2 protein chains.
Amino acid sequence: MSATVAATSDRRSPGRRRGESGTRQVIATTARTLFATHGFGAVSVRTIAAQAGVDPSLVHHFFGSKRQLFDAVTQMPLDDSEAVAGMLEAGPDGLGERVARHVIGQLRSSDTGRTLVALVRTASSDPRAAEQLRERYTRDLLEPVARGLDIDHPELRAALCCSQLLGLALTEHIVGLTPLCEAGTDTLVAIYGATLQRYLTEPLPH
Amino acid sequence: MSATVAATSDRRSPGRRRGESGTRQVIATTARTLFATHGFGAVSVRTIAAQAGVDPSLVHHFFGSKRQLFDAVTQMPLDDSEAVAGMLEAGPDGLGERVARHVIGQLRSSDTGRTLVALVRTASSDPRAAEQLRERYTRDLLEPVARGLDIDHPELRAALCCSQLLGLALTEHIVGLTPLCEAGTDTLVAIYGATLQRYLTEPLPH
């Protein structure tokens, strides 16, 4: 508790010098990076606090439990509904590539990418993270895209796209396949875009 | 130690009644299932022993440490070199589908599938499991297939195939996407086979 008290009573303490929102931000960024690198189960509040240079009590003060901290840093302010509308507006041609660019762009951006990789890592041992992935990728993004095409089996098509996109997240960021890590974003968007286009628009086998 | 002693000195104890190889087999099968369901980090030797109906000391007696147990149950006696030769023998036509049938068949078989899912789960928090996946899927299976075609960029092509196949393992078995879980094996083989065929044989973007 002493650090919390110090932080709220002594404006010269390290936590206060950054300001409340600065400290909160440093903890959030540190936690996101550690969760992305090691997964939820392997990271302790103590480790996050040490890396962020604050007392563990400050982590609890700002975020509550480790689970609440994880939930807070994996909530992304992404307006997927607007992105989906934009992708569909231009018609079915090139839709797979637009979806690929959107998701691969997120995966390779710093904060959002770390959040998504943290979710994929954590889904392996935590059903709630698996549910967050289902909601984010199928319910909020890929199913609305498939439904916008007015085509058969939108849920299977969305799941097929999800299997390729999360497979890229897994093999590039967790399994660490060198040729994927080294490939340029435009190359991956072209290759995976063509795959998503097939999954979204071509006839499925009976 | 008492259970180990009992097991080696008293032929009427439960462990001995199954016979040494029977007990070893029960521990291995139980461990494989638990690692596949929860991942390496979330499963203790105590839990494995309780579920297998043996004393924890027997687990250590047969397998050593938890890590050694994990390694033992995720070593698969798969002769991939023979499978690869068989896939290539019939020529490039339909190669993607043969690879898809081989891997999806393994993923959906009981023991091998559990082993592969355990590796995917564990790779999220354990670099050695990630390395086992790289060796099994790219070095031993997909790179030899791509090299057998005598085509450009065999390593990138193998990595692309790996990203789709491990993506299916992740989304069907860990994220739990219902449309994939409910799809028949022949349907998935046809859909993913066409994707792998593209990754293996079609021109790549510059």
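The values are calculated or read from the model by the stated rules, or taken from the named source; none is laboratory data. In this text the structure is predicted, and so the values were computed from the model without any measurement. Every residue, glycine as well, gets a Cβ built from its backbone with ideal geometry; the counts of neighbours run over all protein chains shown. For accessibility, only protein heavy atoms count, side chains too; no ligands or nucleic acids. Shrake-Rupley method; radii C 1.70, N 1.55, O 1.52, S 1.80 Å.
Checking the stated criteria, B:Ser13 turns out not to satisfy the condition of being open to solvent by 50 Å² or more (accessible area, probe 1.4 Å), more than 23 Å from B:Asp111 (Cα to Cα) and modelled with pLDDT under 90.
Of the helices (runs of 4 or more DSSP H) lying entirely inside the stretch A:39-90, those containing at least 3 residues that are open to solvent by 50 Å² or more (accessible area, probe 1.4 Å) are A:45-52, A:80-89.
None of A:Tyr199, A:Tyr137, A:Tyr192 is closer than 18 Å to B:Glu172 by Cα, modelled with pLDDT of 95 or more and aromatic (Phe, Trp, Tyr) except A:Tyr199.
Does the stretch A:17-32 hold any residues that are surrounded by fewer than 21 Cβ atoms within 10 Å (Cβ to Cβ) and in contact (Cβ under 8 Å) with a residue 60 or more places away in the chain, and which are they? Result: A:Thr29, single match. Listed here are the helices (runs of 4 or more DSSP H) enclosed by the stretch B:130-206 that have at least 2 residues being in contact with a Gly (Cβ under 8 Å, 6 or more places away or on another chain): B:154-169, B:185-201. Counting the residues of the stretch A:104-114 that are open to solvent by less than 60 Å² (accessible area, probe 1.4 Å) and part of a helix (DSSP H, G or I) gives 7. The set of residues in the stretch A:91-103 being open to solvent by less than 40 Å² (accessible area, probe 1.4 Å) and out of contact with any Leu (no Cβ under 9 Å at 6 or more places or on another chain) consists of A:Gly91, A:Gly94.
Taking B:Arg147 as the residue in question, decide whether it is more than 9 Å from chain A (Cβ to nearest Cβ), open to solvent by 20 Å² or more (accessible area, probe 1.4 Å) and touching a residue at least 12 places away in the same chain (Cβ under 8 Å). No: the conditions fail for B:Arg147.
The numbered conditions (1) in contact with a His (Cβ under 8 Å, 6 or more places away or on another chain); (2) at positive phi are all true for B:Gly53 except (1).
Scanning the stretch B:153-206 for residues that are at the interface with another protein chain (Cβ under 8 Å from one of its Cβ atoms), open to solvent by 30 Å² or more (accessible area, probe 1.4 Å) and acidic (Asp, Glu) yields B:Glu155, B:Asp186.
Inspect all residues belonging to the stretch B:18-33 and state whether any of them is charged (D, E, K, R), modelled with pLDDT under 95, more than 21 Å from the chain's Cα centre (by Cα) and farther than 24 Å from B:Glu135 by Cβ. So that I can check it myself, show each step before the final result.
Going through the stretch B:18-33, the residues charged (D, E, K, R) turn out to be B:18, B:20, B:24, B:32.
So of that shortlist, the ones also modelled with pLDDT under 95 come out as B:18, B:20, B:24, B:32.
Restricting the remaining residues to those that are more than 21 Å from the chain's Cα centre (by Cα) gives B:18, B:20.
Adding the requirement that they be farther than 24 Å from B:Glu135 by Cβ leaves B:18, B:20.
Yes, the stretch B:18-33 has at least one match.
Can you name the residue in the stretch B:115-138 that is over 20 Å from B:Ala28 (Cβ atoms) and more than 8 Å from chain A (Cβ to nearest Cβ) and, of all such residues, is surrounded by the most Cβ atoms within 10 Å (Cβ to Cβ)? Per the stated criteria, the residue is B:Tyr137.
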